[in-house]
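Just so it is clear, none of the values below were taken in a lab; they were calculated from the coordinates. Remember, predicted model here, so these are calculated numbers, not experimental data. Cβ atoms come from the backbone with ideal geometry, glycine included; neighbour counts cover every protein chain shown.
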Amino acid sequence: MAQFDHKKYEPFKSISLPSRRWPDRVLDRAPSWCSVDLRDGNQALVEPMTTRQKSILWDQLVKLGFKEIEVGFPSASIPDFDFVRQLIEENRIPDDVTIQVLTQARPELIGRTFEALKGVKRAILHVYNSTSTVQREQVFDLDRDGIIKIAVEGAVLVRDYALQYPETEWVFEYSPESFTGTELDFALDICNAVIDVWNPTNDRKCIINLPATVEMSTPNVYADQIEWFCDRVNRRESVVISLHTHNDRGCAVAAGELGMMAGADRVEGTLMGNGERTGNMDIITMAMNLYSQGVNPNLDLSRMDEVIETVKICTQLPVHPRHPYAGELVFTAFSGSHQDAIKKCLSKQEEAKPWQVAYLPIDPADIGRTYEEVIRINSQSGKGGIAYVLERDYGLILPRWLQIDFSSAVQAFAEEKESEVESDTIFDLFQQTYFPESYRWALGDYQVKRESGVDLLNAMLLVKGKAQHPLTGSGNGVVAAFVDAMQKFLGQKIVLVEYSEHALSRSADAEAICYIQLNIDGERRCGVGRSNDIVQASLNGILGAINSAAEQNAIDAA
Ligand code: KIV
Ligand code: ZN
């Protein structure tokens, strides 16, 4: 226990912001997104991406609609340098897309970064240095002024180098790296010092990126930091406030969202949240969160499986099956009560109406998923899910009482197999339960006559397919007459309790299917009959119920 000692850690400090406004805001627009997959994401990989992988990911990011993409750290990595050159020389940057590259605020690195960008139409040059207390005191051994000097000298160099490349439209970005571990007044001072060097205007804005390099607090504290900063930064109208959150506490998306509510304009992140340690903010989740609230995320995520494949190929990392929105299981319900609710809601969901389906925050079809994966059957599943699968895949519309009857067969099977039950297996079980290969009685020829408002039935009952037994019965309708005939034949009380039928739309011969429930001497039995003739289907269903009772010795077999 001595090693696992929470007293080793200090709680984060809250921000005194009594008149904070962000909690009352609602996100009603998407931020400007910047993908940092090819830089921050790449830096965090066990095996950094090859040029081919970078190229595939670049194409995917452009296809998704990203307008700003950080493509590397060219002064720190030769492959990154070469990739930037390749994009520029091969003319692969669409006119409406701006590439961004990162550099530390160090003279030799800044010069090399400009070299990498030579000839580009427009670029964001992103310069950073670490500002947190721990970095100042323990890594750089510099006081506040020393750290500000690094940032300002970097900003001056960036500004002056840019003048040497007038063919490029430059946008400057500054990150006080480890912002969340930096005293707010100092973060403000250093950013204002950089802003003063760059002298941004409304037409030529600069970007101030406020990274949660390490996520250190609950997201509300990050939002307080952002609102505090936005309210005080110089030339706010000429500065784009950007967020860059990491996921150390698992709240990077929440921090990004609250940070936007607190006044930020732009968000940096990665697809599926790949990035250092527990990752960068996952843009897919934040974008889909907006989408599910009726806000256009300005990213086309309709081909989610393609995005997942690309991420897997390029990062060599799996995507968790329960990853928000994207995981292969996130639109699947195994639990019976969830399946029932989903089935009911889906059948009532009208196209023009807002989406309102229990347990499904969005329509899976929107991201290229099919309804097939919504309901899957295992031993936790109930009647609703089983009925849904039979209707969806085989056009069988089971009435509720038959769903109850059949679900026990599926549950018993799933429990025995200890696994998921596929749709074709459910159908096989249905066939075995209601159309067994061997049965006691079948219906031979029959005639019906109507006399004085009563139907009179004469039929031949086949016993075990061979012996024949004549039947007679009467009643109001053929079904009642047949029940009467069987009652006389068996000498037991038979009452028709439930009846339901429908045409089998998927059957080429326009077959009908009939579901029957009988009460045979106090015991309920279900049967199913199918035929091209609806009367025959009903009589088969009645015999099916009686055969099932005979099979389990619930009636005396004649
Ligand atoms: O996490 C971080 O602080 C970064 C900066 C370089 C922006 O990636
Ligand atoms: Zn980062």
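Some points to look at:
- Pairwise FRET efficiency - Q349 versus V26, Cβ, R0 = 35 Å, nearest 0.05: 0.90
- Using the Stokes-Einstein relation with a Kirkwood hydrodynamic radius computed over Cα pairs, the translational diffusion coefficient of region 441-551 at 10 °C and a viscosity of 1.306 mPa s comes to 113 µm²/s.
- Protection proxy ranking of 436-445, 539-548 - average other beta-carbon atoms within 10 Å, highest first: 539-548, 436-445
- Contact order relative to length of region 441-551, as percent, for alpha carbon pairs under 8 angstrom and 6 or more apart: 17 percent
- Ratio of Rg to Rh over region 245-376 (Cα coordinates, Kirkwood Rh, two decimals): 0.99
- Full extension of the chain between L184 and L45 gives 46.9 nm of extra length, using 0.36 nm per residue less the Cα-Cα distance.
- Rg/Rg_globular for region 82-222, with Rg_globular taken as 2.2 N^0.38 Å and Rg from C-alpha atoms: 1.10
- Dmax and Rg, reported as Rg then Dmax, of the chain (C-alpha, Å): 34.8, 110
- Model label sites at E169 and Q447, defined 7 Å from Cα along the beta-carbon direction, differ in position by 9.2 nm.
- For a straight C-alpha distance cut-off of 28 angstrom, the lysines reachable from K417 (same-chain residues fewer than eight places away being disregarded) are K343, K383.
- The charge dipole of region 332-434, taken about its Cα centre with unit charges on the Cβ of Lys, Arg, Asp and Glu (plus for the first two, minus for the last two), comes to roughly 440 debye.
- Helices in the chain that qualify as membrane-span-like (whole DSSP H runs, Cα extent of at least 15 Å along the helix axis, mean Kyte-Doolittle hydropathy of -0.5 or higher) are 51-64, 78-89, 144-163, 184-198, 304-315, 383-394, 400-417, 423-434, 478-490, 534-551.
- The orientation-averaged shadow of the Cα convex hull for region 143-189, equal to a quarter of the hull surface, comes to 3.7 nm².
- A Förster radius of 45 Å, combined with the Cβ-Cβ distance separating A412 from R303, puts the computed FRET efficiency at roughly 0.65.
- Percent RCO, i.e. relative contact order, over the chain, from Cα pairs under 8 Å lying at least 6 residues apart: 9 percent
- Calculated diffusion of region 173-307, Stokes-Einstein form, Kirkwood radius summed over Cα pairs, 25 °C and 0.890 mPa s, µm²/s: 161 µm²/s
- Within the same chain, aspartates and glutamates fewer than 8 places from K344 are excluded, and of the rest, those with a Cα less than 18 Å from its Cα are D363, E372, E373, E391, D393.
- Within a straight-line Cα-Cα reach of under 16 Å, K121 can be paired with the following lysines, leaving aside sequence neighbours fewer than 8 residues apart in one chain: K67.
- Student exercise, the chain dipole from Lys, Arg, Asp, Glu Cβ charges, in Debye to nearest 20: 860 debye
- Interchain or long-range residues, amide H under 5 Å from A326's placed H: none
- Think of region 332-434 as a dipole: +1 on every Lys or Arg Cβ, -1 on every Asp or Glu Cβ, centred on the Cα centre; then among I426, L390, G336, G336 lies furthest on the positive end.
- Dipole magnitude for region 28-315: computed about the Cα centre from +1 point charges on Lys and Arg Cβ and -1 point charges on Asp and Glu Cβ, it is near 400 debye.
- Of the trypsin sites (Lys or Arg not before Pro) found in region 179-232, those in coil by DSSP whose Cβ has at most 14 other Cβ atoms within 10 Å are R204.
- Using the Cβ-Cβ distance between D393 and K121 with R0 set to 56 Å, the FRET efficiency from 1/(1 + (r/R0)^6) comes to roughly 0.60.
- Taking a Cβ cut-off of under 12 Å around N532, the surrounding Lys, Arg, Asp and Glu residues balance to a net charge of -2, with basic ones at +1 and acidic ones at -1.
- In the chain, the DSSP-assigned H stretches of four residues or longer account for a calculated mean residue ellipticity at 222 nm of -11500 deg cm²/dmol, using -39500 (n - 2.57) per stretch and the full residue count as denominator.
- Spatial extent of region 332-434: Rg and Dmax, with the Cα atoms as the point set, Å: 13.6, 44
- Computed from label points 7 Å out along Cα-Cβ, the spacing between A503 and Y439 is 2.4 nm.
- Amide H contacts under 5 Å for I375: A333, restricted to partners 5 or more places along the chain or on a different chain, H placed in the peptide plane at 1.01 Å from N.
- Pair Q432, D5: separation of 7 Å Cα→Cβ label points (nm): 6.2 nm
- Evaluated at q = 0.19, 0.22, 0.28, 0.29 Å⁻¹, a Debye calculation over the C-alpha positions of region 42-97 (equal weights, vacuum) places log10 I(q)/I(0) at -0.67, -0.89, -1.34, -1.39.
- Vicinal HN-Hα couplings computed from phi for region 514-523 (Karplus, 6.51 cos²θ - 1.76 cosθ + 1.60; Hz; Gly/Pro x): 10, 10, 10, 10, 10, 9, 10, 6, x, 10
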